[in-house]
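Visitor: One structure, as structure tokens, below. Some questions next.
Bear in mind these aren't lab numbers, they're just calculated from the coordinates by the rules spelled out. What you are looking at is a predicted structure, and each value in this text was computed from that prediction instead of being measured. Here the Cβ positions follow ideal geometry from the backbone for every residue, glycine too, while neighbour counts run over all protein chains shown.
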Number of protein chains: 2
Amino acid sequence: MKSRQLVEIAQQLRVDSVRAAAAAGSGHPTSSMSAADLMAVLLARHLRYDFERPAHPANDRFVLSKGHASPLLYAAYKAVGAINETELMTFRRLGSRLEGHPTPRRLPWVETATGSLGQGLPVGVGIALAGKRLDRVGYRVWVLCGDSELAEGSIWEAAEHAAYEHLDNLTAIVDVNRLGQRGPTRHGHDLDAYARRFQAFGWHTIEVDGHDMDAVDRAYGEALSTVGQPTVILARTLKGKGVAAAQDREGLHGKPLKDADEAIAELGGVHDVRVEVQPPPAARMLHAVRTGHLDLPRYELGDEVATRDAFGQALAALGTARGDIVALDGEVSDSTRSEFFAKEHPDRFFECYIAEQQLVAAAVGLAARGWVPYASTFAAFLTRAHDFVRMASVSGSGINLIGSHAGVAIGQDGPSQMGLEDLAMFRALHDSTVLYPCDANQTAHLVAAMAGCEGIRYLRTSRGASPVVYGPNEEFPIGGSKVLRVSAQDRLTLVAAGATVHEALTAADRLAEDGIPVQVIDLYSVKPVDRRTLREAAEHTGCLITVEDHREEGGLGDAVLDAFLDGRPMPRLVRLAVRTMPGSASPAEQLHAAGIDAEAIAVSAKLLVEHAVVR
Amino acid sequence: MKSRQLVEIAQQLRVDSVRAAAAAGSGHPTSSMSAADLMAVLLARHLRYDFERPAHPANDRFVLSKGHASPLLYAAYKAVGAINETELMTFRRLGSRLEGHPTPRRLPWVETATGSLGQGLPVGVGIALAGKRLDRVGYRVWVLCGDSELAEGSIWEAAEHAAYEHLDNLTAIVDVNRLGQRGPTRHGHDLDAYARRFQAFGWHTIEVDGHDMDAVDRAYGEALSTVGQPTVILARTLKGKGVAAAQDREGLHGKPLKDADEAIAELGGVHDVRVEVQPPPAARMLHAVRTGHLDLPRYELGDEVATRDAFGQALAALGTARGDIVALDGEVSDSTRSEFFAKEHPDRFFECYIAEQQLVAAAVGLAARGWVPYASTFAAFLTRAHDFVRMASVSGSGINLIGSHAGVAIGQDGPSQMGLEDLAMFRALHDSTVLYPCDANQTAHLVAAMAGCEGIRYLRTSRGASPVVYGPNEEFPIGGSKVLRVSAQDRLTLVAAGATVHEALTAADRLAEDGIPVQVIDLYSVKPVDRRTLREAAEHTGCLITVEDHREEGGLGDAVLDAFLDGRPMPRLVRLAVRTMPGSASPAEQLHAAGIDAEAIAVSAKLLVEHAVVR
């Protein structure tokens, strides 16, 4: 394809971006126009992709990190024939696949949902890791970034990770149009400022005029021939390029052009040039991965085992049975126990160091390539990656996240290390699964089962050892629960999970001695919740006390209510949870101070039985 | 003080770190020992601080970003006479001020809670900003970082911000002991690797042997004399320095030394040298700031005004009335409307660009210096700073956070831009305040009122215009609610907040036409919640329908339950919330698709009245 044709394609991408935004009455045409030349050259000269077979193992992968430039992406889809004119004009309408920001839920060519800035590159790193270390297919990962988003720390977590892993299959293209949403970026058109930073992190850098087709073409070629390090192409561009009234002007972010017809005329009018994208080379199918017998660890009743240990051992076993299981950790694998997997399957373990955003993003990238990732760190530190988990949920990404060191039960380390808000965070995600086992056998079974769920799956583990209360052959369906104590005379029901199950059992025994029999439910599946069992308990005892090592909002107590929100009569409810700011103390002292130990449970139960109210 | 004495002090800091951890049976002595020489020289030669007057305006500020090295900090407090031997030995015990990781809740010399890595430097940037731009006192900010935490993206958000603002009052000291928790860091003792990165971001860098007292002394001097840019001192150190059995060895992170007595002997035995820290220079008292009459904006009943507009206008007015109000934004001030404040009070506005972790950290730093920060971005993007907000809560920091573009009501931009989990995130924080106004006058009053709350305060605003339903003189106490419709015949109660208040009012009108009168409560204070009014409504109507533009977990629906969790009989409850993954669509289409518009409310209400259940 000649340069003149490239220019024509680029103008068509601009025109179609302007038209789509005009039809929608919203969107980001100016942010699309700055990158149109970069996109045209990539499509016509360097991308290897079969749009009819988006799952082709050798397809290159393209990530639009600046997700608001979706008009450009959809214009490109039209130029390659993946969508037609009619669909392009549905941009941002109800039911359209062409959302304001692209998502793989709806479009097969999108690798990951973007729109929260600074996430595309970290996920691209995850895909490139899959390509380099697992798939071993020569696909390249191209990530188109904005300049504004380089202010996000997650970009530098990605920069560090990519260079350290020598990801020469990864190319970042930065559309340096110098204007953010509100006004100029920190560094404007100072490409050197960005180049210095990327070079310092170990990247090959290329500075280029992003509107000079030949220069852009050469830059892509240089990226392709760079070995041993990732490349960033820093492209000087103009926002709104090609339309004088919009070009390089402030105040036009995220708005359709004022006079679309005039702009289209200025850009050379509507065209329908078809771009032929190079097909990928032939490649063997991926993921003809080994699947064998799952030999989960087995623990004896009464043994004392930490659920984090059971997680690590079960994950290692799962990795032995299934070749598609991979694990990642945020430099705390000795604490989370993912080190058990790392030791047995070092080729499928990814050390992400203390960079939780990149940890989750790498998991999303690996999942996008069909791998089944388990990413672990302290439950408290998963809050660091909340926005990445949120966007993974928008993507419909199937990732397993494990948060260790849950609750005040960790003891002396104090509140900075305690996962106390994690259940709330994970429950509030769309279609998430939230699991909180209390013993080792239960943990092992849930670690294996979570791989089969849709969407974000979260498993919460505990630091300290706890007694094994279930036999190794017990079953623990997702969405289920276990009734651990029940009698016809039960006066109320204790609902617990994880660490508080053991406290509830102790409390139940003491209450029974005092002539107050109570039911005990282990609600290990916090979401989805076992509505049937909870309703039966409500009918049976009329009153439920929930006990959790978590803040009172958004956790187990709120989860129980899911069983009763259909307007039917409610049981009486009492919620015991962590209401104070803990300091340092032993695990037992912490549970006592928080009012969630056996004693506190027994006191509340008695109050409720004797006085009908607790506070 | 002579070098020999410095050595003695450093050994004392090591010995006391070892002793404290040994007494506690846990803690991080080896991470303390690597930085003991750095700390000794700082205390004895460069820090200017009056430990008897921690609030002294000219005190330098010290932040232990590697918060797990708390034994070193507490050993230093003992060396300067701030705590005594007896207190040192309470380390990590129940009720002790000396927690596993330091917090300002308990210790007056601590600026911010640390223990989640990568947070001390960003908060230090906030304090340095206060010093440079607001306090205008010549204090310096010293931040002691670990090398592992340089992998956190938030460090590079801080690096970017500090250099861009020319914070030459800020010195980062990196204890490069090459060993993380699990094993070696990415760059080991390669100081140049870190220097290249910081230099690229615009910092002055000094590489030094962290155990050479004279070299460290010179490095501090060089940092003090560096003008126009922040300085980072990269100090090559050995973890466990001074004890052969521990020095530079893997596998000893976060554990007391095996033979403490032997280690103490090797370090020269127990000493009690007192370090005289230079006092700060005399300085005028800070915050003799102007407080004048608050002239809040007033809106006419029936006008259509977006609550984000009212926020911006009210914040600007508050800034005029109070000189201690400052505002920060993440490069979206044109959307959040904090630009109204920026235009009127540019000297007190801080542009943080697209770096939400640094945005919140800067607010925490400014609050630590007595300023009252309002930090704003899209509600969705505050999830990016979840761990920072969590740690701010551990600090007891008084910061105001504003999340705009709440819910599906934003319309076409789609799920990546929709705050749908923010109420859950903020409700689950200890002692937080969560506000969600539905009209402009209510917003204005709440913006002013939130400044007076303790802890984390969150205000949620909406993108689109909504009718003004309250007069400008109405009062909106925190913890209150408004009953907007009530009659003796009410069949049930609709509980709404923000965008859904208007839907609930429309539904109530339609239901009334159909002969089904219903009560409507505007629950603008989501936390604390108005228990009394909710209980009265329950007694009055027996049945509540909650309606929220938020995920069903952790938001308004769960908040309502706080009124009924004392074991007393519960009303029947139905929760309408966003259960699907939205795409792009108009605001009205979004509310309809999510089942939270007037029509959906009316349908649910009728089902409940006629059939007693909804699903």
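Visitor: Taking a label point 7 Å out from Cα toward Cβ, give me the nm distances from B:A282 to the same spot in the other copies, shortest first, one decimal.
Guide: Distances between equivalent label points, in nm: 8.9.
Visitor: Determine the shielding of peptide A:603-610 by partner chains: average, over its residues, the number of Cβ atoms on other chains within 10 angstrom of each Cβ.
Guide: Mean shielding by partner chains, rounded to a whole number: 1.
Visitor: Then there's this: At 25 °C and 0.890 mPa s, grab the translational diffusion coefficient of the range B:28-135 from Stokes-Einstein with a Kirkwood Rh over Cα pairs, rounded to a whole number in µm² per second.
Guide: After rounding, the answer is 171 µm²/s.
Visitor: Let me ask you something else. Less than 14 Å from a label point 7 Å out along the Cα-to-Cβ axis of B:A55: which backbone N atoms in the range B:93-123 qualify, by residue?
Guide: B:108-109
Visitor: Further question: So how do A:260-269, B:584-593 stack up, highest first, on mean other-Cβ count within 10 Å?
Guide: Details: A:260-269: 16.4, B:584-593: 20.7.
Packing order, densest peptide first, comes out as B:584-593, A:260-269.
Visitor: Separate question: Give me a single rounded figure for B:389-399: the average over its residues of other chain Cβ atoms within 10 Å of their Cβ.
Guide: Rounded to a whole number, the mean comes out at 3.
Visitor: Could you sort B:228-240, A:183-195 so that the peptide with the highest average Cβ count within 10 Å comes first and the rest follow in order? Provide the component values of the computation, followed by the final result.
Guide: On the way: B:228-240: 23.7, A:183-195: 17.5.
The most tightly packed comes first, giving B:228-240, A:183-195.
Visitor: Also, I was wondering about something else. Efficiency by 1/(1 + (r/R0)^6): what FRET value for B:D303 and A:D272, r their Cβ-Cβ distance, R0 = 51 Å, to the nearest 0.05?
Guide: According to the calculation, E is roughly 0.60.
Visitor: Name the aspartates and glutamates eligible as straight-distance cross-link partners of B:K258: C-alpha to C-alpha under 17 Å, and not fewer than 8 places from it in the same chain.
Guide: Here the aspartates and glutamates satisfying the reach criterion relative to B:K258 are B:D16, B:D248, B:E250, B:E266.
Visitor: Taking every residue in A:34-43, how many Cβ atoms of other protein chains lie within 10 Å of its Cβ, on average? Don't jump to the answer; show the numbers that get you there.
Guide: Details: counts 0, 0, 0, 0, 0, 0, 0, 0, 0, 0.
For peptide A:34-43, the averaged partner shielding equals 0.
Visitor: Also: Could you work out [θ]222 nm for chain B from helices alone, using -39500 (n - 2.57) per DSSP H run of at least four and dividing by all its residues? Round to the nearest 500 deg cm²/dmol.
Guide: About -10000 deg cm²/dmol.
Visitor: A further question follows. For A:R53, which inter-copy label distances result when the label point lies 7 Å beyond Cα on the Cα-to-Cβ vector, reported in nm to one decimal and in ascending order?
Guide: Spelled out, the distances from A:R53's label point are 7.8 nm.
Visitor: Need one word for the range B:439-556: rounded, prolate or oblate. Basis is the Cα gyration tensor (sqrt eigenvalues a ≥ b ≥ c); a/c below 1.5 gives rounded, then a/b vs b/c decides. Walk me through the intermediate numbers first.
Guide: Details: a/c = 1.76, a/b = 1.51, b/c = 1.16.
Prolate, because a/c is 1.5 or more and a/b exceeds b/c.
Visitor: Find every distance from the label point of B:N473 to the corresponding label point in the other copies (7 Å from Cα along Cα→Cβ) and write them in nm, one decimal, shortest first.
Guide: Sorted ascending, the copy-to-copy spacings read 7.8 nm.
Visitor: Further question: Looking at the range A:281-381, which trypsin sites (Lys or Arg not before Pro) are DSSP coil and have at most 15 other C-beta atoms within 10 Å of their C-beta? If you can, show how the numbers build up before the last one.
Guide: Numbers: sites: A:R284, A:R290, A:R298, A:R308, A:R322, A:R337, A:K343, A:R348, A:R369; in loops: A:R284, A:R290, A:R298, A:R337, A:R369.
Here the sparse-neighbourhood loop sites are A:R284, A:R290, A:R298.
Visitor: Still on this structure: Taking amide H positions as placed in the peptide plane 1.01 Å from N, state which residues far from A:R322 in sequence (5 or more) or on other chains have amide H under 5 Å from it.
Guide: A:G292
Visitor: Could you tell me the center-to-center distance, by alpha carbons, between the range A:91-123 and the range A:385-445 in angstrom?
Guide: If we compute the Cα centre of each part, the gap is 25 Å.
Visitor: Something else now. Would you mind checking the pairs A:K255/B:K482; A:K482/B:K527; B:K2/B:K78; B:K66/B:K241; A:K66/A:K132 and listing those with alpha carbons more than 27 angstrom apart? Don't skip to the end; give the middle numbers.
Guide: Details: A:K255/B:K482 37 Å; A:K482/B:K527 33 Å; B:K2/B:K78 20 Å; B:K66/B:K241 17 Å; A:K66/A:K132 24 Å.
Flagged as over cut-off: A:K255/B:K482; A:K482/B:K527.
Visitor: Translational diffusion coefficient, Stokes-Einstein: compute it for the range B:270-393 using the Kirkwood radius over C-alpha pairs as Rh, at 20 °C and 1.002 mPa s, and state it as an integer in µm² s⁻¹. Walk me through the intermediate numbers first.
Guide: Details: Rh = 16.5 Å.
It diffuses with D of about 130 µm²/s by this estimate.
Visitor: Let me ask something additional. Rounded if a/c is under 1.5, else prolate if a/b is larger than b/c, else oblate: which is the protein assembly as shown, with a ≥ b ≥ c the root eigenvalues of its Cα gyration tensor?
Guide: It is rounded, given that a/c, with a ≥ b ≥ c, falls under 1.5.
Visitor: Over the range A:353-466, one equal point on each Cα, no solvent: what is log10 I(q)/I(0) by the Debye formula at q = 0.11, 0.17, 0.18, 0.20 Å⁻¹?
Guide: Log-scaled intensity ratios, in q order: -0.32, -0.77, -0.86, -1.05.
Visitor: Continuing with the same structure: Return, for the Cα atoms of chain A, the radius of gyration and Dmax in Å, separated by a comma.
Guide: 27.3, 90
Visitor: Please give the FRET efficiency for B:R48 paired with B:V603, using the beta carbon to beta carbon distance and R0 = 45 Å, rounded to the nearest 0.05.
Guide: 0.10
Visitor: The range A:476-530 to the range A:243-266: how many Å between their Cα centroids?
Guide: Spelled out, the Cα-based centre of one part sits 64 Å from the other.
Visitor: Distance between the C-alpha centers of the range A:297-375 and the range B:554-605? Whole Å please.
Guide: 37
Visitor: Between B:E262 and B:D209, what is the FRET efficiency for a Förster distance of 25 Å, r being their Cβ-Cβ separation, to the nearest 0.05?
Guide: The formula returns an efficiency of 0.45 here.
Visitor: Which order results if B:W156, B:W109 are arranged by neighbouring Cβ count within 10 Å, fewest first?
Guide: Going from least to most buried by this count: B:W109, B:W156.
Visitor: Would you mind classifying the range A:488-573 by shape? Square roots of the alpha carbon gyration tensor eigenvalues, ordered a ≥ b ≥ c; an a/c under 1.5 is rounded, otherwise it is prolate if a/b is larger than b/c and oblate if not.
Guide: Because a/c hits 1.5 or more and a/b fails to exceed b/c, the range A:488-573 counts as oblate.
Visitor: Can you tell me the length gained on complete extension of the stretch B:A282 to B:H611, counting 0.36 nm per residue apart and subtracting the Cα distance?
Guide: 111.0 nm
Visitor: Tell me the label-point distance for the pair B:Q247, B:R322, using the 7 Å Cα-to-Cβ offset, in nm and rounded to one decimal.
Guide: Going by the 7 Å Cα→Cβ label model, 5.4 nm.
Visitor: Using a 10 Å cut-off on Cβ atoms, rank the peptides B:487-496, B:60-69, A:270-279, A:350-359 from the highest mean neighbour count down.
Guide: Details: B:487-496: 21.3, B:60-69: 26.8, A:270-279: 14.3, A:350-359: 28.4.
Per-residue mean Cβ counts within 10 Å order the peptides as A:350-359, B:60-69, B:487-496, A:270-279.
Visitor: What is the spin-label model distance, in nm, from A:E87 to A:T226 if the labels are put 7 Å beyond Cα along the C-beta direction?
Guide: Between A:E87 and A:T226, the label points sit 3.3 nm apart.
Visitor: Rounded to whole angstrom, how close does the nearest chain B beta-carbon get to the axis mapping B onto A, and which residue is it?
Guide: That would be B:G153, 1, residue then distance in Å.
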